[in-house]
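To keep things clear, I will list the structure first and then write my remarks on it.
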Amino acid sequence: MTEQFKLGDLVWAKMKGFSPWPGRVSNPIKDMKKPNNPKKGSVHCIYFFGTNNYGWIDEINMNHYQDHKETCLKLCRTAAFKEACKAIEKFIADGEVFEDELDSDSLFDKLKEESNTSIEKKTPKIKPKKETPKVKRESIGSERRPAKKQRTDSNASSNNRLGSLSPALNHSTPLRKSGSLLDRPANVTRPATPPLDVETLSQTLKDKNICASSLKFGFLGLGIMGSGIVKNLLNSGHKVVVWNRTQTKCADFVKAGAEQGLTPSDVVGMSDITFSCVADPQTAKEMVFGNCGVLTEISPDKGYVEMTGIDAETSEDIAEAITAKGARYLEAQVQGSKVQAEEGTLVILAAGDRQLFDNCHSCFGAMGKNTFYLGEVGNASKMNLVLQLLAGVTLAGLAESMALADRVGLQQKDVLEILELTSLSCPAILDKGRAIIEGGFPTSQPLRHMQKDLRLSLIMSDQLEQPNPLAAAANEIYKHAKRLGYGQHDVSAVYIGARF
(Lines give C-alpha, C1' and ligand atoms only; values in the text may rest on other atoms or scores of the structure.)
Protein backbone atom coordinates (compact mmCIF):
# COMPACT_ATOMS: atom_id res chain seq x y z
CA MET A 1 0.00 0.00 0.00
CA THR A 2 1.34 3.44 -0.91
CA GLU A 3 2.03 5.66 2.07
CA GLN A 4 0.00 8.86 2.19
CA PHE A 5 2.50 10.72 4.36
CA LYS A 6 6.20 11.47 4.06
CA LEU A 7 8.89 12.74 6.40
CA GLY A 8 8.20 16.29 7.49
CA ASP A 9 4.46 16.38 6.72
CA LEU A 10 2.38 18.39 9.17
CA VAL A 11 -0.53 16.29 10.40
CA TRP A 12 -3.31 15.76 12.88
CA ALA A 13 -2.42 12.57 14.79
CA LYS A 14 -4.98 10.85 17.01
CA MET A 15 -4.15 8.69 20.00
CA LYS A 16 -6.72 6.45 21.63
CA GLY A 17 -8.82 8.41 24.10
CA PHE A 18 -7.60 11.83 22.95
CA SER A 19 -8.60 14.38 20.36
CA PRO A 20 -6.43 14.79 17.21
CA TRP A 21 -3.22 16.64 18.09
CA PRO A 22 -1.02 18.78 15.80
CA GLY A 23 2.22 17.08 14.89
CA ARG A 24 4.62 16.28 12.07
CA VAL A 25 6.01 13.08 10.60
CA SER A 26 9.47 12.71 12.11
CA ASN A 27 12.47 10.48 12.41
CA PRO A 28 12.14 8.32 15.55
CA ILE A 29 14.43 9.16 18.42
CA LYS A 30 16.94 6.65 19.73
CA ASP A 31 15.58 3.36 21.16
CA MET A 32 12.11 4.14 19.84
CA LYS A 33 11.33 0.81 18.19
CA LYS A 34 8.88 0.65 15.35
CA PRO A 35 5.89 -1.67 15.95
CA ASN A 36 6.12 -4.96 14.07
CA ASN A 37 2.46 -5.45 13.32
CA PRO A 38 0.41 -2.26 12.83
CA LYS A 39 -3.28 -3.02 12.45
CA LYS A 40 -3.74 -1.40 9.07
CA GLY A 41 -1.43 0.26 6.58
CA SER A 42 1.71 2.08 7.59
CA VAL A 43 2.79 3.48 10.91
CA HIS A 44 4.66 6.78 11.35
CA CYS A 45 6.68 8.40 14.09
CA ILE A 46 4.94 11.64 15.06
CA TYR A 47 6.45 14.62 16.85
CA PHE A 48 3.74 16.38 18.89
CA PHE A 49 3.87 20.15 18.97
CA GLY A 50 3.59 21.92 22.31
CA THR A 51 4.65 18.91 24.37
CA ASN A 52 7.77 17.86 22.42
CA ASN A 53 6.80 14.20 22.73
CA TYR A 54 6.92 11.40 20.18
CA GLY A 55 4.65 8.45 19.42
CA TRP A 56 3.97 5.79 16.80
CA ILE A 57 0.66 6.45 15.05
CA ASP A 58 -1.08 4.31 12.43
CA GLU A 59 -1.68 6.08 9.15
CA ILE A 60 -5.43 5.50 9.47
CA ASN A 61 -5.36 7.77 12.55
CA MET A 62 -3.64 10.64 10.71
CA ASN A 63 -4.86 13.50 8.51
CA HIS A 64 -3.04 16.29 6.72
CA TYR A 65 -2.89 19.39 8.87
CA GLN A 66 -4.19 22.06 6.50
CA ASP A 67 -6.94 19.89 4.99
CA HIS A 68 -8.53 19.13 8.39
CA LYS A 69 -7.49 22.21 10.35
CA GLU A 70 -10.92 23.81 10.60
CA THR A 71 -12.58 20.60 11.80
CA CYS A 72 -9.92 19.50 14.30
CA LEU A 73 -9.59 22.89 15.96
CA LYS A 74 -13.16 22.49 17.25
CA LEU A 75 -12.55 19.10 18.88
CA CYS A 76 -10.44 20.23 21.84
CA ARG A 77 -10.14 23.48 23.76
CA THR A 78 -7.71 22.72 26.59
CA ALA A 79 -4.87 25.13 27.31
CA ALA A 80 -2.28 22.54 26.26
CA PHE A 81 -4.06 21.98 22.94
CA LYS A 82 -4.17 25.71 22.25
CA GLU A 83 -0.45 26.00 22.98
CA ALA A 84 0.23 23.13 20.59
CA CYS A 85 -1.78 24.85 17.85
CA LYS A 86 0.15 28.08 18.42
CA ALA A 87 3.41 26.15 18.16
CA ILE A 88 2.60 24.58 14.80
CA GLU A 89 1.25 27.86 13.40
CA LYS A 90 4.44 29.62 14.45
CA PHE A 91 6.44 26.89 12.77
CA ILE A 92 4.46 27.39 9.56
CA ALA A 93 4.73 31.19 9.83
CA ASP A 94 8.53 30.93 10.08
CA GLY A 95 8.46 29.54 6.55
CA GLU A 96 10.25 26.28 7.16
CA VAL A 97 9.65 23.70 4.41
CA PHE A 98 10.61 20.04 4.57
CA GLU A 99 12.25 18.32 1.65
CA ASP A 100 12.38 14.56 1.29
CA GLU A 101 16.13 14.42 1.60
CA LEU A 102 16.31 16.94 4.42
CA ASP A 103 16.79 15.85 8.03
CA SER A 104 13.65 17.33 9.57
CA ASP A 105 15.07 17.26 13.10
CA SER A 106 17.63 19.90 12.14
CA LEU A 107 14.82 22.36 11.48
CA PHE A 108 13.41 21.81 14.93
CA ASP A 109 16.84 22.32 16.41
CA LYS A 110 16.95 25.64 14.63
CA LEU A 111 13.48 26.59 15.86
CA LYS A 112 14.43 25.81 19.45
CA GLU A 113 17.64 27.82 19.20
CA GLU A 114 15.61 30.80 17.99
CA SER A 115 13.38 30.38 21.07
CA ASN A 116 16.51 30.84 23.26
CA THR A 117 16.20 27.32 24.62
CA SER A 118 19.27 25.16 24.84
CA ILE A 119 19.00 21.67 23.42
CA GLU A 120 21.41 18.96 22.49
CA LYS A 121 21.65 18.41 18.75
CA LYS A 122 21.90 14.71 19.38
CA THR A 123 18.96 12.63 20.43
CA PRO A 124 18.71 12.44 24.24
CA LYS A 125 19.77 9.16 25.75
CA ILE A 126 17.07 7.03 27.33
CA LYS A 127 17.66 6.49 31.04
CA PRO A 128 15.94 4.22 33.55
CA LYS A 129 12.81 5.68 35.07
CA LYS A 130 14.38 6.39 38.45
CA GLU A 131 17.22 8.30 36.82
CA THR A 132 15.09 10.36 34.47
CA PRO A 133 16.05 14.00 35.05
CA LYS A 134 13.20 16.33 35.81
CA VAL A 135 13.15 19.36 33.54
CA LYS A 136 10.97 22.41 33.78
CA ARG A 137 9.04 23.29 30.65
CA GLU A 138 9.67 27.03 30.20
CA SER A 139 8.20 27.44 26.72
CA ILE A 140 7.18 25.61 23.59
CA GLY A 141 10.79 25.08 22.64
CA SER A 142 12.01 23.46 25.84
CA GLU A 143 14.15 20.36 26.03
CA ARG A 144 12.65 17.05 24.99
CA ARG A 145 12.00 14.48 27.63
CA PRO A 146 13.39 11.01 27.08
CA ALA A 147 10.97 8.67 25.36
CA LYS A 148 9.05 6.13 27.38
CA LYS A 149 10.13 2.54 26.79
CA GLN A 150 7.94 0.84 24.18
CA ARG A 151 5.42 -1.66 25.53
CA THR A 152 6.10 -5.30 24.73
CA ASP A 153 2.78 -6.81 25.78
CA SER A 154 -0.30 -7.57 23.72
CA ASN A 155 -1.23 -3.90 23.65
CA ALA A 156 1.81 -3.06 21.56
CA SER A 157 -0.28 -3.38 18.42
CA SER A 158 -2.78 -0.76 19.53
CA ASN A 159 -3.62 2.05 17.16
CA ASN A 160 -2.01 4.53 19.52
CA ARG A 161 1.59 3.60 20.31
CA LEU A 162 3.41 5.90 22.69
CA GLY A 163 7.04 6.70 22.18
CA SER A 164 6.69 9.02 25.19
CA LEU A 165 3.94 10.67 27.17
CA SER A 166 0.57 11.29 25.62
CA PRO A 167 0.28 14.93 24.48
CA ALA A 168 -2.89 15.57 26.44
CA LEU A 169 -1.25 14.62 29.75
CA ASN A 170 0.86 17.77 29.53
CA HIS A 171 -2.08 20.07 30.29
CA SER A 172 -0.68 22.85 32.44
CA THR A 173 -1.91 23.60 35.94
CA PRO A 174 -0.45 25.69 38.77
CA LEU A 175 -0.20 22.57 40.96
CA ARG A 176 1.92 20.58 38.56
CA LYS A 177 5.64 20.14 38.30
CA SER A 178 6.59 19.17 34.77
CA GLY A 179 8.95 16.39 33.85
CA SER A 180 7.80 13.55 36.08
CA LEU A 181 6.72 10.29 34.52
CA LEU A 182 2.98 10.95 34.66
CA ASP A 183 3.32 14.75 34.92
CA ARG A 184 1.84 14.64 38.40
CA PRO A 185 2.21 17.66 40.67
CA ALA A 186 5.07 17.94 43.07
CA ASN A 187 3.87 17.72 46.63
CA VAL A 188 2.55 21.12 47.65
CA THR A 189 3.89 22.16 51.03
CA ARG A 190 1.04 22.20 53.49
CA PRO A 191 0.36 25.77 54.68
CA ALA A 192 1.15 26.26 58.36
CA THR A 193 -1.90 26.18 60.60
CA PRO A 194 -2.38 29.64 62.13
CA PRO A 195 -1.90 29.67 65.91
CA LEU A 196 -5.13 29.36 67.87
CA ASP A 197 -6.07 32.35 69.98
CA VAL A 198 -7.12 30.36 73.03
CA GLU A 199 -8.23 33.24 75.24
CA THR A 200 -10.50 35.06 72.80
CA LEU A 201 -14.19 34.36 73.41
CA SER A 202 -16.13 33.85 70.17
CA GLN A 203 -19.38 35.70 69.59
CA THR A 204 -21.15 32.37 69.12
CA LEU A 205 -20.09 31.26 72.60
CA LYS A 206 -21.13 34.60 74.09
CA ASP A 207 -24.59 34.20 72.62
CA LYS A 208 -24.97 30.72 74.16
CA ASN A 209 -24.59 31.95 77.73
CA ILE A 210 -23.32 28.58 79.02
CA CYS A 211 -23.67 27.71 82.70
CA ALA A 212 -20.52 25.65 83.32
CA SER A 213 -20.65 22.40 85.30
CA SER A 214 -18.86 22.25 88.63
CA LEU A 215 -17.14 18.99 87.59
CA LYS A 216 -13.53 18.86 86.38
CA PHE A 217 -13.04 17.61 82.82
CA GLY A 218 -9.97 16.01 81.32
CA PHE A 219 -9.13 16.20 77.62
CA LEU A 220 -6.73 13.91 75.75
CA GLY A 221 -5.59 15.19 72.35
CA LEU A 222 -5.06 18.78 71.21
CA GLY A 223 -5.13 18.32 67.47
CA ILE A 224 -7.15 20.30 64.95
CA MET A 225 -10.49 19.36 66.52
CA GLY A 226 -9.39 18.98 70.14
CA SER A 227 -7.79 22.42 70.31
CA GLY A 228 -10.96 24.20 69.25
CA ILE A 229 -13.11 22.14 71.62
CA VAL A 230 -10.86 22.79 74.64
CA LYS A 231 -10.74 26.49 73.82
CA ASN A 232 -14.52 26.69 74.12
CA LEU A 233 -14.59 24.59 77.29
CA LEU A 234 -12.14 26.98 78.95
CA ASN A 235 -13.85 30.13 77.68
CA SER A 236 -17.23 28.89 78.92
CA GLY A 237 -15.89 28.53 82.46
CA HIS A 238 -15.19 24.78 82.67
CA LYS A 239 -12.28 23.41 84.66
CA VAL A 240 -10.08 21.43 82.25
CA VAL A 241 -7.01 19.19 82.54
CA VAL A 242 -5.20 18.68 79.21
CA TRP A 243 -2.72 16.19 77.78
CA ASN A 244 -1.19 15.87 74.34
CA ARG A 245 1.48 13.59 72.94
CA THR A 246 3.44 16.73 71.96
CA GLN A 247 3.60 18.44 75.33
CA THR A 248 4.42 21.91 73.93
CA LYS A 249 0.87 22.15 72.55
CA CYS A 250 -0.42 22.31 76.10
CA ALA A 251 1.39 25.56 76.93
CA ASP A 252 -1.19 28.02 75.53
CA PHE A 253 -4.05 26.18 77.22
CA VAL A 254 -2.25 26.11 80.56
CA LYS A 255 -1.70 29.85 80.17
CA ALA A 256 -5.44 30.24 79.59
CA GLY A 257 -6.26 28.44 82.83
CA ALA A 258 -6.06 24.70 82.13
CA GLU A 259 -4.08 22.19 84.19
CA GLN A 260 -1.71 19.75 82.52
CA GLY A 261 -1.33 16.02 83.06
CA LEU A 262 1.91 14.25 82.19
CA THR A 263 0.18 11.05 81.05
CA PRO A 264 -3.37 10.00 80.07
CA SER A 265 -3.69 8.21 83.40
CA ASP A 266 -2.72 11.42 85.24
CA VAL A 267 -5.51 13.29 83.45
CA VAL A 268 -8.06 10.62 84.39
CA GLY A 269 -6.88 10.70 88.02
CA MET A 270 -7.25 14.52 88.17
CA SER A 271 -10.66 14.63 86.45
CA ASP A 272 -14.26 13.58 87.02
CA ILE A 273 -14.95 13.01 83.33
CA THR A 274 -12.29 12.59 80.64
CA PHE A 275 -12.77 13.27 76.93
CA SER A 276 -10.53 11.75 74.26
CA CYS A 277 -10.20 13.11 70.73
CA VAL A 278 -7.27 11.53 68.86
CA ALA A 279 -6.46 10.47 65.31
CA ASP A 280 -7.91 7.01 64.69
CA PRO A 281 -9.20 3.77 66.28
CA GLN A 282 -5.72 2.40 66.97
CA THR A 283 -4.64 5.56 68.80
CA ALA A 284 -7.94 5.59 70.71
CA LYS A 285 -7.20 2.06 71.96
CA GLU A 286 -3.66 3.06 72.95
CA MET A 287 -5.10 5.87 75.11
CA VAL A 288 -7.16 3.31 77.01
CA PHE A 289 -5.13 0.10 77.03
CA GLY A 290 -1.58 1.45 76.66
CA ASN A 291 1.11 2.09 79.21
CA CYS A 292 -0.04 4.82 81.66
CA GLY A 293 -3.38 4.70 79.87
CA VAL A 294 -6.92 5.45 80.96
CA LEU A 295 -7.57 2.05 82.56
CA THR A 296 -4.77 2.65 85.06
CA GLU A 297 -6.75 5.33 86.93
CA ILE A 298 -10.37 4.88 85.84
CA SER A 299 -12.71 4.11 88.75
CA PRO A 300 -16.46 3.80 89.49
CA ASP A 301 -16.86 7.50 90.25
CA LYS A 302 -15.46 8.59 86.88
CA GLY A 303 -16.68 8.85 83.28
CA TYR A 304 -14.96 8.46 79.93
CA VAL A 305 -16.17 10.08 76.67
CA GLU A 306 -14.70 8.92 73.35
CA MET A 307 -14.84 11.64 70.66
CA THR A 308 -12.42 10.03 68.18
CA GLY A 309 -13.88 8.99 64.83
CA ILE A 310 -13.95 5.21 65.32
CA ASP A 311 -15.93 2.14 64.27
CA ALA A 312 -18.65 0.60 66.42
CA GLU A 313 -16.55 -2.47 67.31
CA THR A 314 -13.71 -0.34 68.69
CA SER A 315 -16.17 1.75 70.69
CA GLU A 316 -17.75 -1.41 72.13
CA ASP A 317 -14.31 -2.79 73.10
CA ILE A 318 -13.44 0.43 74.93
CA ALA A 319 -16.86 0.54 76.58
CA GLU A 320 -16.46 -3.02 77.84
CA ALA A 321 -13.08 -2.23 79.39
CA ILE A 322 -14.29 1.01 81.01
CA THR A 323 -17.50 -0.46 82.43
CA ALA A 324 -15.59 -3.50 83.71
CA LYS A 325 -13.82 -1.05 86.03
CA GLY A 326 -17.20 0.22 87.22
CA ALA A 327 -16.88 3.52 85.35
CA ARG A 328 -19.30 5.03 82.85
CA TYR A 329 -18.74 5.27 79.08
CA LEU A 330 -20.15 7.52 76.35
CA GLU A 331 -19.22 7.87 72.71
CA ALA A 332 -19.65 11.39 71.33
CA GLN A 333 -18.83 11.60 67.63
CA VAL A 334 -18.67 15.05 66.05
CA GLN A 335 -19.71 16.36 62.64
CA GLY A 336 -17.76 19.40 61.56
CA SER A 337 -14.21 20.56 60.99
CA LYS A 338 -11.65 23.03 62.35
CA VAL A 339 -13.80 26.13 61.90
CA GLN A 340 -16.86 24.58 63.55
CA ALA A 341 -14.75 23.27 66.45
CA GLU A 342 -13.33 26.73 67.11
CA GLU A 343 -16.69 28.48 66.77
CA GLY A 344 -18.52 25.93 68.91
CA THR A 345 -20.95 24.92 66.17
CA LEU A 346 -20.26 21.19 65.92
CA VAL A 347 -23.05 18.61 65.67
CA ILE A 348 -22.56 16.01 68.41
CA LEU A 349 -23.77 12.40 68.11
CA ALA A 350 -23.77 10.63 71.48
CA ALA A 351 -24.56 7.07 72.63
CA GLY A 352 -23.97 5.11 75.81
CA ASP A 353 -24.50 5.95 79.47
CA ARG A 354 -27.42 8.37 79.71
CA GLN A 355 -26.43 9.81 83.07
CA LEU A 356 -22.94 10.58 81.74
CA PHE A 357 -24.56 12.24 78.73
CA ASP A 358 -26.55 14.49 81.09
CA ASN A 359 -23.41 15.28 83.12
CA CYS A 360 -21.73 16.52 79.91
CA HIS A 361 -24.65 18.75 78.94
CA SER A 362 -22.85 22.04 79.55
CA CYS A 363 -19.72 20.80 77.75
CA PHE A 364 -21.70 19.78 74.69
CA GLY A 365 -23.41 23.16 74.79
CA ALA A 366 -20.01 24.87 74.57
CA MET A 367 -18.76 22.55 71.83
CA GLY A 368 -21.69 22.46 69.44
CA LYS A 369 -25.00 23.80 68.23
CA ASN A 370 -26.92 20.50 68.34
CA THR A 371 -26.55 17.29 70.34
CA PHE A 372 -28.28 13.96 69.67
CA TYR A 373 -28.53 11.02 72.04
CA LEU A 374 -28.79 7.82 69.93
CA GLY A 375 -29.10 5.06 72.53
CA GLU A 376 -26.72 2.15 73.03
CA VAL A 377 -22.97 2.20 72.43
CA GLY A 378 -22.08 1.88 68.75
CA ASN A 379 -25.04 3.80 67.33
CA ALA A 380 -23.22 7.14 67.33
CA SER A 381 -20.19 5.62 65.56
CA LYS A 382 -22.44 4.03 62.94
CA MET A 383 -24.32 7.30 62.37
CA ASN A 384 -21.05 9.19 62.02
CA LEU A 385 -19.71 6.75 59.41
CA VAL A 386 -22.95 6.95 57.43
CA LEU A 387 -22.66 10.74 57.31
CA GLN A 388 -18.94 10.61 56.52
CA LEU A 389 -19.60 8.24 53.64
CA LEU A 390 -21.95 10.82 52.13
CA ALA A 391 -19.48 13.65 52.70
CA GLY A 392 -16.55 11.70 51.26
CA VAL A 393 -18.38 10.66 48.09
CA THR A 394 -19.73 14.21 47.60
CA LEU A 395 -16.29 15.81 47.85
CA ALA A 396 -14.79 13.20 45.52
CA GLY A 397 -17.54 14.08 43.03
CA LEU A 398 -16.70 17.77 43.37
CA ALA A 399 -13.02 17.01 42.77
CA GLU A 400 -13.79 15.00 39.63
CA SER A 401 -16.04 17.78 38.31
CA MET A 402 -13.36 20.42 38.85
CA ALA A 403 -10.74 18.17 37.25
CA LEU A 404 -12.98 17.65 34.21
CA ALA A 405 -13.60 21.39 33.94
CA ASP A 406 -9.84 21.96 33.88
CA ARG A 407 -9.39 19.28 31.22
CA VAL A 408 -11.91 20.80 28.85
CA GLY A 409 -10.56 24.31 29.28
CA LEU A 410 -13.27 25.79 31.51
CA GLN A 411 -12.47 28.22 34.32
CA GLN A 412 -12.98 26.49 37.65
CA LYS A 413 -14.05 29.76 39.28
CA ASP A 414 -16.86 29.99 36.72
CA VAL A 415 -17.97 26.47 37.63
CA LEU A 416 -18.12 27.40 41.30
CA GLU A 417 -19.91 30.69 40.62
CA ILE A 418 -22.63 28.92 38.62
CA LEU A 419 -22.84 26.06 41.14
CA GLU A 420 -23.51 28.59 43.89
CA LEU A 421 -26.73 29.60 42.06
CA THR A 422 -28.05 26.05 41.79
CA SER A 423 -29.85 23.75 44.22
CA LEU A 424 -26.53 21.97 44.88
CA SER A 425 -25.09 25.02 46.59
CA CYS A 426 -24.03 24.39 50.19
CA PRO A 427 -21.23 25.74 52.43
CA ALA A 428 -19.16 22.53 52.37
CA ILE A 429 -19.08 22.26 48.56
CA LEU A 430 -18.38 25.95 48.08
CA ASP A 431 -15.62 26.04 50.71
CA LYS A 432 -13.87 22.98 49.30
CA GLY A 433 -14.34 24.28 45.76
CA ARG A 434 -12.52 27.48 46.70
CA ALA A 435 -9.76 25.46 48.34
CA ILE A 436 -9.33 23.46 45.12
CA ILE A 437 -9.04 26.65 43.06
CA GLU A 438 -6.54 28.24 45.46
CA GLY A 439 -4.52 25.02 45.50
CA GLY A 440 -2.77 25.29 48.88
CA PHE A 441 -5.10 22.95 50.82
CA PRO A 442 -4.64 24.45 54.33
CA THR A 443 -5.90 21.80 56.71
CA SER A 444 -9.40 22.19 58.09
CA GLN A 445 -10.14 18.46 58.08
CA PRO A 446 -7.20 16.15 57.22
CA LEU A 447 -7.65 14.08 54.08
CA ARG A 448 -6.31 11.00 55.85
CA HIS A 449 -9.14 11.23 58.39
CA MET A 450 -11.76 11.26 55.65
CA GLN A 451 -10.10 8.28 53.98
CA LYS A 452 -10.05 6.51 57.35
CA ASP A 453 -13.79 7.09 57.77
CA LEU A 454 -14.51 5.83 54.26
CA ARG A 455 -12.46 2.72 54.97
CA LEU A 456 -14.35 2.10 58.22
CA SER A 457 -17.70 2.62 56.51
CA LEU A 458 -16.73 0.08 53.84
CA ILE A 459 -15.71 -2.44 56.51
CA MET A 460 -19.06 -1.93 58.22
CA SER A 461 -20.98 -2.36 54.96
CA ASP A 462 -18.93 -5.42 54.06
CA GLN A 463 -19.88 -7.09 57.33
CA LEU A 464 -23.53 -6.51 56.45
CA GLU A 465 -23.06 -7.48 52.78
CA GLN A 466 -24.35 -4.04 51.84
CA PRO A 467 -22.90 -2.95 48.46
CA ASN A 468 -21.31 0.51 48.45
CA PRO A 469 -19.69 0.87 45.00
CA LEU A 470 -19.57 4.67 45.02
CA ALA A 471 -17.88 4.79 48.43
CA ALA A 472 -15.40 2.14 47.30
CA ALA A 473 -14.49 4.17 44.21
CA ALA A 474 -14.22 7.39 46.22
CA ASN A 475 -11.97 5.64 48.75
CA GLU A 476 -9.51 4.77 45.98
CA ILE A 477 -9.30 8.44 44.96
CA TYR A 478 -8.49 9.46 48.54
CA LYS A 479 -5.92 6.66 48.82
CA HIS A 480 -4.29 7.89 45.62
CA ALA A 481 -4.08 11.45 46.97
CA LYS A 482 -2.53 10.07 50.19
CA ARG A 483 0.06 8.14 48.20
CA LEU A 484 0.98 11.35 46.39
CA GLY A 485 1.74 12.94 49.77
CA TYR A 486 -1.47 14.80 50.63
CA GLY A 487 -2.69 12.84 53.65
CA GLN A 488 -2.01 15.67 56.11
CA HIS A 489 -3.46 18.33 53.79
CA ASP A 490 -7.09 19.34 53.82
CA VAL A 491 -9.69 16.90 52.51
CA SER A 492 -10.10 19.17 49.45
CA ALA A 493 -6.72 17.79 48.27
CA VAL A 494 -8.72 14.81 47.01
CA TYR A 495 -8.66 16.93 43.85
CA ILE A 496 -5.06 15.79 43.37
CA GLY A 497 -6.19 12.17 43.43
CA ALA A 498 -8.92 12.90 40.87
CA ARG A 499 -6.87 15.15 38.57
CA PHE A 500 -3.66 13.12 38.47
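The values are calculated or read from the model by the stated rules, or taken from the named source; none is laboratory data. Nothing here was measured: the structure is a model prediction, and the numbers come from that model. All Cβ positions, glycine included, derive from the backbone under ideal geometry; neighbour counts span all protein chains shown. Note: areas computed on protein heavy atoms with side chains; ligands, DNA, RNA excluded. Shrake-Rupley method; radii C 1.70, N 1.55, O 1.52, S 1.80 Å.
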Under unit Cβ charges (Lys, Arg +1; Asp, Glu -1), what dipole magnitude, rounded to 20 debye, does segment 211-274 have relative to its Cα centre? 140
Please work out how much accessible surface residue 460 shows to a 1.4 Å probe, ignoring ligands, DNA and RNA, in Å² rounded to 10. 40
What is the Cα centroid distance between segment 196-239 and segment 67-86, reported in whole angstrom? 58
Roughly how big is segment 345-427's charge dipole about its Cα centre, with Cβ charges of +1 (Lys, Arg) and -1 (Asp, Glu), in debye to the nearest 20? 120
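Dipole size in debye (nearest 20) for segment 392-500 around its Cα centre, Lys and Arg Cβ +1, Asp and Glu Cβ -1?
Using only the charged Cβ atoms, the result is roughly 380 debye.
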Find, among the GluC sites (Glu not before Pro) in segment 301-387, those assigned to loop by DSSP (not H, G, I, E, B) with at most 16 other beta-carbon atoms within 10 angstrom. 376
Can you give me the solvent accessible area of residue 77 with a 1.4 Å probe, rounded to the nearest 10 Å²? 140
If a/c stays under 1.5 just call it rounded; otherwise compare a/b with b/c (prolate if a/b is bigger, oblate if not). Do that for segment 191-270, with a ≥ b ≥ c from the square roots of the Cα gyration tensor eigenvalues. oblate
Put +1 on the Cβ of each Lys and Arg and -1 on the Cβ of each Asp and Glu in segment 228-334; which of 265, 242, 287 then has its Cα farthest toward the positive end of the dipole? 242
Cα centroid separation, segment 401-447 to segment 269-320 (Å): 38
